[in-house]
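Quick notes on the structure that follows.
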């Protein structure tokens, strides 16, 4: 059980913090549900923001890769200058 201080601060019991993975500096949300006060770790906002950031970085990397490859000639199967059969006979006296 926790007490409310004169500054209306509450100490979260260590056992509960460990169980929920709450560490110093983490954000928590307070929500009124009828006569119950619900406290949740603010992970939805952070994970959604992280996902959006990761998607944006991925898109930027994809564009850079397309630009890099746009200047390169495309490879065609017969455009190597050699055939598979030539690999077996190359360097051997025929």
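The values are calculated or read from the model by the stated rules, or taken from the named source; none is laboratory data. Please read these numbers as outputs of a predicted model, since none were measured by experiment. Cβ sites come from the backbone with ideal geometry, for glycine too, and all protein chains shown count toward neighbours.
A compact table of results
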{"item": "Segments classed as helices (runs of 4 or more DSSP H), wholly inside the stretch 11-94, with at least 3 members that are modelled with pLDDT under 80", "result": "44-70"}
{"item": "Filtered residue count, the stretch 33-42, keeping only those that are free of Cβ contacts under 8 Å to residues at least 12 places away in the same chain and farther than 20 Å from residue 1 by Cβ", "result": "1"}
{"item": "Within the stretch 1-28, considering residues that are in contact with a strand residue (DSSP E or B) (Cβ under 6 Å, 6 or more places away or on another chain) and within 17 Å of residue 40 (Cβ to Cβ), the one surrounded by the most Cβ atoms within 10 Å (Cβ to Cβ)", "result": "22"}
